[in-house]
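The values are calculated or read from the model by the stated rules, or taken from the named source; none is laboratory data. If you're wondering where the values come from, they're calculated on a predicted model, not measured in any experiment. Counting neighbours? That spans all protein chains shown, and the Cβs are built from the backbone with ideal geometry, glycine included. Accessible surface areas use protein heavy atoms only, side chains included; no ligands, DNA or RNA. Shrake-Rupley method; radii C 1.70, N 1.55, O 1.52, S 1.80 Å.
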Amino acid sequence: MFLAVLVVSLFAGVPLSNAWGTDGHYMVCKIAQSYLTSTASSAVLKLLPSSANGDLASMCSWADNVRTAYPWSSALHYIDTPDNLCTYSYSRDCHDSSGASGRCVVGAINNYTSQLKTYPSTTYNLTQALMFLSHFMGDVHQPLHVGFTTDAGGNGITVYWYNVQTNLHSVWDTKIIQTSESNYFGNDVNKMSDSIKANITSTQKSQWNSCGSTLAACADTFASESIQQACSYAYKDAPNGAHLSDTYYLSRKSVVNTRIAQGGVRLANFLNQIFV
Ligand SMILES: *[C@@H]1O[C@H](CO)[C@@H](O)[C@H](O)[C@H]1NC(C)=O
Ligand SMILES: *[C@@H]1O[C@H](CO)[C@@H](O)[C@H](O)[C@H]1NC(C)=O
Ligand SMILES: *[C@@H]1O[C@H](CO)[C@@H](O)[C@H](O)[C@H]1NC(C)=O
């Protein structure tokens, strides 16, 4: 209960949020840290700020918390794709609203991946690079972080979640997750995270990591998957003014859980290939 209330209050009054909710990020990072090689694990522990106490998950929403302090980072959380096309292309879509190329979530994943490969050099602030990469790996897996331009990934679509007014982006950032936490996990994000992890098979892990010949190609794959799922599940049957409840929730919750699982497995794979 406490967590759910905390998440609601953090996001209330932020109509244009572009953040996979705090709990979504937490679970992606918690799952990822459990799959690190010992080399990657020790690099991560060295880079985490001391306030994290060695827990990557505790820092996975840092990038949302610095959006005001670092306004340049705002465009790095998402990708706007052409309305109704349901495809993503790096050269066409990875730019910010003023057209600057590479300024989108995939560009940011590539950027912070390259920076982290310089470890242990101190050319870049690799503590920030780790916290940005971990966050953006979550964002690129939230289907509506790769959404249509006009509705800003569902932010512009007003819906009612079990009769409470919100927007479609927020349903996918937080509402579906909160509803699952409340229905099945006693509002305990760690229980939900452990349960999602327990479902991951080794076949899935190797399929999910067969995403391209380079990490950059994989990042493109993750974005393409998201816009396809945005069309097949998020936008589908959720027009402006829609009342969403059990029918929508029950047919979408496993999509969300799978995206969290994939984000965790793939973040670990990136870190394991970065720190060798
Ligand atoms: C790359 O990282 C640097 C340092 O944080 C930042 O200034 C720059 O905006 C980033 N660019 C992208 C596309 O992520
Ligand atoms: C790197 O970034 C972290 C987090 O913002 C900050 O606490 C730290 O002081 C920075 N390190 C350097 C050397 O600037
Ligand atoms: C785990 O998988 C089972 C069987 O597919 C499914 O019913 C359950 O909802 C899954 N649990 C989570 C947390 O994803």
(request) Among the residues of the stretch 205-228, write down those that are open to solvent by less than 70 Å² (accessible area, probe 1.4 Å) and within 26 Å of K175 (Cα to Cα). (result) W208, A219, T221, F222, A223, S224, E225, S226, I227
(request) Among the numbered conditions (1) over 22 Å from F136 (Cα atoms); (2) in a helix (DSSP H, G or I), tell me where N272 comes up short. (result) (1)
(message) If I go through the stretch 97-133 residue by residue, how many of them are part of a loop (DSSP other than H, G, I, E, B), closer than 21 Å to L144 by Cα and more than 9 Å from ligand 1 (Cβ to nearest atom)?
(response) 3
(request) Just give me the residues in the stretch 31-52 being exposed (fewer than 14 other Cβ atoms within 10 Å of the Cβ) and closer than 24 Å to K191 by Cα, in sequence order. (result) S51
(message) For the stretch 232-247, give me each residue that is surrounded by fewer than 22 Cβ atoms within 10 Å (Cβ to Cβ) and assigned to a helix (DSSP H, G or I).
(response) S232, Y233, D246, T247
(message) Can you say whether G24 is within 16 Å of ligand 3 (Cβ to nearest atom) and either assigned to a helix (DSSP H, G or I) or modelled with pLDDT of 95 or more (or both), as far as the supplied structure shows?
(response) yes
(request) For the stretch 248-264, name all the residues that are closer than 25 Å to T221 by Cβ, surrounded by 19 or more Cβ atoms within 10 Å (Cβ to Cβ) and of a type outside the set (S, T, N, Q). (result) R252, V256, R259, I260, A261, G263, G264
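Pick out the one residue from F136, F185, F132 that is closer than 30 Å to N272 by Cβ and surrounded by fewer than 21 Cβ atoms within 10 Å (Cβ to Cβ).
F185
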(request) Just give me the residues in the stretch 139-163 being assigned to a loop (DSSP other than H, G, I, E, B) and open to solvent by less than 10 Å² (accessible area, probe 1.4 Å), in sequence order. (result) Q142, G153, G154
(request) Only residues in the stretch 234-254 that are in contact (Cβ under 8 Å) with a residue 12 or more places away in the chain count as the first member; pair them with residues that are exposed (fewer than 12 other Cβ atoms within 10 Å of the Cβ), Cβ under 6 angstrom, at least 6 apart or cross-chain, and list the lot. (result) none
